[in-house]
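To keep things clear, I will list the structure first and then write my remarks on it.
The values are calculated or read from the model by the stated rules, or taken from the named source; none is laboratory data. What you see is a predicted model; the values in this text were computed from it and never measured. Glycine also receives a Cβ, built like all others from the backbone with ideal geometry; neighbour counts cover every protein chain displayed.
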């Protein structure tokens, strides 16, 4: 058997000149692609926060509770009521911390929309998922909100800058006219299974953690299901924003939220029409009282259902 150095000696000499041309061409293509127009004038540096306490851009494959209020976001949100005080149209101004307006060309469409607003009142008993449309001026977005109560509503903005391709968040408060709702008296579920009812339907969430329930700092799988109150009837569950269900979790202080979508293996699969079930992943870092709002669409009608629960230490 010939020695290794003898075998290598018989190989044709490396064409360094050709390799250099290939490397140079590859680098030129890379630079060219970097400077191709993307439709946005914003750069990924426009969405950075220097120092500690900055809001990190989030990977949607690792869903968790985001402490939006406590963190410093690289994006500013301002809410103003349009027209008379009793009007339900609001204008939201979205801009970078450096003052650059953020318009539709600067955001990617995620779950069919470029900007998602999660509006919730002080008692967490009124939650609405809203989609604003671009306004007349750069950075302006307009939407209509019909609050169930008066008082301070917190509006979380959920979006993905085209310059980064990763989820980012910000928030703003506004005062809705009318009397505020009284203190919340919703009952906390003491069993592992969270149950809620709306009309002819029963909804359940089953945490899959050890011993049932949800514990702080531990990843949990949530099994979400819909059943007809009349046993055996089909459930007309339909897609809403490219998913068969959306879950949003808030803490009682409204310091942040977790916006959850079904696991990837459940995204493109049509659920069982009689026993639709979906799985969600969640991690909540702090113990305390929380509510999960489920959003589904049944036979063309949007349905929102709350589940109150306690996160254990």
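Would you call residue 260 within 30 Å of residue 171 (Cα to Cα), touching a helix residue (DSSP H, G or I) at 6+ places or on another chain (Cβ under 6 Å) and touching a residue at least 40 places away in the same chain (Cβ under 8 Å)?
Numbers: within 30 Å of residue 171 (Cα to Cα): yes; touching a helix residue (DSSP H, G or I) at 6+ places or on another chain (Cβ under 6 Å): no; touching a residue at least 40 places away in the same chain (Cβ under 8 Å): yes.
So residue 260 fails the test.
Condition check: surrounded by 15 or more Cβ atoms within 10 Å (Cβ to Cβ), at pLDDT 95 or above, more than 26 Å from residue 170 (Cβ to Cβ) and not assigned by TED's automatic domain parsing to the domain that holds residue 69. Does residue 248 satisfy that? Don't jump to the end; show me each part of the working.
Working: surrounded by 15 or more Cβ atoms within 10 Å (Cβ to Cβ): yes; at pLDDT 95 or above: yes; more than 26 Å from residue 170 (Cβ to Cβ): no; not assigned by TED's automatic domain parsing to the domain that holds residue 69: yes.
No, not satisfied.
Is it the case that residue 278 is at pLDDT 95 or above, touching a strand residue (DSSP E or B) at 6+ places or on another chain (Cβ under 9 Å) and under 23 Å from residue 128 (Cα atoms)? Working first, answer last.
Values: at pLDDT 95 or above: yes; touching a strand residue (DSSP E or B) at 6+ places or on another chain (Cβ under 9 Å): yes; under 23 Å from residue 128 (Cα atoms): yes.
Yes: the conditions hold for residue 278.
How many of the residues in the stretch 120-136 are farther than 20 Å from residue 93 by Cα and in a strand (DSSP E or B)? Step through it out loud before you land on a result.
Let us first name the residues in the stretch 120-136 that are farther than 20 Å from residue 93 by Cα, namely 121-127.
Applying the additional criterion that residues be in a strand (DSSP E or B) yields 127.
Total satisfying the criteria: 1.
Checking the condition within 19 Å of residue 180 (Cα to Cα), modelled with pLDDT of 95 or more and out of contact with any helix residue (DSSP H, G or I) (no Cβ under 6 Å at 6 or more places or on another chain), which residue from 129, 145, 116 passes?
Working: 129 fails: within 19 Å of residue 180 (Cα to Cα); 116 fails: within 19 Å of residue 180 (Cα to Cα).
Within the list 129, 145, 116, the selection yields 145.
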